[in-house]
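The structure appears right after this line, and notes come after that.
The values are calculated or read from the model by the stated rules, or taken from the named source; none is laboratory data. The structure presented is a predicted model; accordingly, all values stated were derived computationally and were not measured. Cβ sites come from the backbone with ideal geometry, for glycine too, and all protein chains shown count toward neighbours. All accessible areas refer to the heavy atoms of the entire protein, side chains included, with ligands and DNA or RNA removed. Shrake-Rupley method; radii C 1.70, N 1.55, O 1.52, S 1.80 Å.
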Amino acid sequence: MSVAWGGAAQAQTFTSGVADGFALPTEPVSPSAGMLAYIAANYGFPGSRAHDDVSADRWFATTFTNLRRNGPICGATLRMTVRNLGSNDSMGFMFNGPGGTPLAAGWGASLASLGVAYNTTGTILLNLAALPGGGNLLPTLNAQGFVDVFVQDDSGVDVATLVITQCRVDVYSKDNVNDFGNTPTVDPIWVSPDIRVCQNAGCVGHQNPEFGQTNYVYVTLRNNGPLAPVGNVANGTLHVYYTGSGGAAIWPNDWALIGTVTGVSLAAGAVQEFMVPWNSVPAPGHYCLLTRWVSPTQDPMTLTEVVGSNTLNNTRWNNNLAWKNINVVNLNPLTPVREFDFRLRNLLRDAHGLARLEVRIPSSTSASFLERGQLFLTLPPELWDRWQRQGAGFEVTGERTVRIVNPNGAVLDGLTMDPGGEHHVTVRFAAQATAATQGTFQVDVVQHSASEENREKVEEAGGVRFDITVGPQSDTSTPRK
């Protein structure tokens with residue numbers, strides 16, 4: 001298989017076989033292990049025929065890989081010369097995992113319906129964004145980065161050419177300070193520096209939203225993604241959402257729209273901040289924010305956001321999304337204790353799910369908050385009653401309450417959540433605040449749990465970062481309980 005680049009759009013041309021009119025000798029194919037496993041499990045003759053092979057009873061299969069090597073995909077066409085030697089033969093696209101299990105829905109059609117009649121030779125040309133019957137495989141190509149092409153089961157293939165056109169813009173917002181638009185993002189994913197809240201327009205830094213007034217959400221968009229050459233204006237729409245403060249969140253069920261900026265035109269290479277008024281903070285409390293840059297034709301999502309999907313997984317794989325879960329905590333002589341609600345969400349809709357609740361000190365900080373204060377977690381009754389006190393770095397101090405005693409963090413393991421359940425943990429910070437500044441600290445409270453995407457593994461599902469100042473400063477917002 002060969003790959004070539006060309007044209008102003010820097011299209012990638014992947015070629016399997018040689019256009020020689022079925023002349024011998026044959027040319028090899030490159031089917032993935034997953035494609036071969038699928039054939040072996042579903043057909044009486046395993047393996048794949050080579051190019052120019054027109055014998056009976058053998059699938060043709062080859063796999064085009066590394067399709068996103070030059071950036072997100074905005075166009076894909078397949079040209080394939082076929083000799084139809086089976087009255088009911090068909091061709092199509094699949095996305096098989098290593099064991100032969102399809103990772104996503106594919107597409108297929110009979111050779112005759114595509115214009116190559118029985119006992120004739122013809123060329124099929126397909127636009128993978130607009131397949132016969134209305135199929136669009138571009139989102140799946142972006143998500144998987146490969147495609148299996150097959151013809152079954154008596155017909156031969158002379159040559160197959162896949163032309164991939166990259167998107168000429170790649171807009172993103174940072175998921176963390178070390179993010180430059182590559183996917184998947186390395187954790188943490190929920191501390192975007194490109195999202196901030198102001199209680200009054202034009203503030204510096206990030207504040208907690210204030211109930212009972214208009215707040216302002218500022219979002220930075222960057223039209224200088226690393227995955228495509230900078231050189232075109234980006235056009236799209238910016239959406240901003242909120243949900244309750246906590247770990248996991250489900251799309252779109254847990255998210256409420258704050259506002260939308262339509263008709264965004266972002267110059268090539270631009271880094272620009274946009275403001276969205278937040279007129280409806282629903283109640284005193286703390287909230288997580290999600291932003292979505294939507295530009296289906298220029299800069300599509302890498303991973304389709306299906307209903308009921310895990311927000312962290314969506315954000316990890318789409319640099320069009322950014323997530324901020326940061327609470328500002330000011331502890332002073334007048335308010336030495338603050339409490340916050342942290343939501344644990346079971347991402348499994350139909351089964352109990354195990355969760356791990358972690359308290360960790362980000363490596364970027366030089367000191368632990370536990371050197372200046374105490375941190376307590378209070379579990380709801382349904383979690384406390386099932387919990388076997390598994391974990392490390394804590395001690396039980398009272399009914400449903402533990403105190404974190406390890407300055408480097410702690411883990412509460414073996415928490416059992418109800419199917420589709422929402423469980424609320426109270427996080428309490430208590431400091432010996434004085435008239436002198438005692439320092440600034442960061443504490444992350446993180447949920448680890450199984451998800452619909454991976455039911456067998458407990459992994460990070462989201463969290464909240466608490467930016468804590470201990471000293472004479474007072475919070476400009478009303479203390480929340």
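Tally time: how many residues in segment 40-67 are within 33 Å of the chain's Cα centre (by Cα) and closer than 25 Å to ASP20 by Cβ?
Qualifying residue count for the region: 5.
Assigned to a helix (DSSP H, G or I), open to solvent by 30 Å² or more (accessible area, probe 1.4 Å) and either closer than 19 Å to GLY106 by Cα or in contact with a strand residue (DSSP E or B) (Cβ under 6 Å, 6 or more places away or on another chain) (or both): is that true of ALA41 in this structure?
When the stated conditions are applied, ALA41 passes them.
Restricting to segment 375-413, and then to whatever is in contact with a Lys or Arg (Cβ under 6 Å, 6 or more places away or on another chain) and open to solvent by 60 Å² or more (accessible area, probe 1.4 Å), can you tell me which residue is farthest from ARG338 (Cα to Cα)?
Checked segment 375-413; the qualifying residue farthest from ARG338 (Cα to Cα) is GLU395.
Please list, ordered by residue number, the strands (runs of 3 or more DSSP E) wholly in segment 205-324 having 1 or more residues that are open to solvent by 10 Å² or more (accessible area, probe 1.4 Å) and aliphatic (A, V, I, L, M).
So the answer is 256-266, 271-278, 287-294.
Can you name the residue in segment 176-204 that is surrounded by fewer than 17 Cβ atoms within 10 Å (Cβ to Cβ) and of a type in the set (Val, Ile, Thr) and is also farthest from ASN313 (Cα to Cα) among such residues?
VAL204
Yes/no matrix, rows are residues, columns are (1) of a type in the set (Lys, Arg); (2) touching a strand residue (DSSP E or B) at 6+ places or on another chain (Cβ under 9 Å); (3) part of a strand (DSSP E or B); (4) on the phi < 0 side of the Ramachandran plot:
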| position | (1), (2), (3), (4) |
| --- | --- |
| LEU347 | no, yes, no, yes |
| LEU354 | no, yes, yes, yes |
| SER363 | no, no, no, yes |
| LEU383 | no, yes, no, yes |
| GLY391 | no, yes, yes, no |
| PRO407 | no, no, no, yes |
| GLY414 | no, yes, yes, no |
| GLY420 | no, yes, no, no |
| HIS424 | no, yes, yes, yes |
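Restricting to segment 87-106, name every residue that is crowded, with 19+ Cβ neighbours inside 10 Å and either at pLDDT below 95 or outside any loop (DSSP other than H, G, I, E, B) (or both).
Within segment 87-106, MET91, PHE93, MET94, ASN96 qualify.
Within segment 146-162, is there a residue that is among the small types (Gly, Ala, Ser) and surrounded by fewer than 22 Cβ atoms within 10 Å (Cβ to Cβ)?
Taking every residue of segment 146-162 in turn, none turns out to be among the small types (Gly, Ala, Ser) and surrounded by fewer than 22 Cβ atoms within 10 Å (Cβ to Cβ).
What pairs come up if the first residue lies in segment 22-33 and is among the aliphatic types (A, V, I, L, M), the second is at pLDDT below 95 and part of a loop (DSSP other than H, G, I, E, B), and their beta carbons are under 6 Å apart, counting only those six or more places apart or on different chains?
If the second residue must be at pLDDT below 95 and part of a loop (DSSP other than H, G, I, E, B), the pairs left are ALA33/PRO98.
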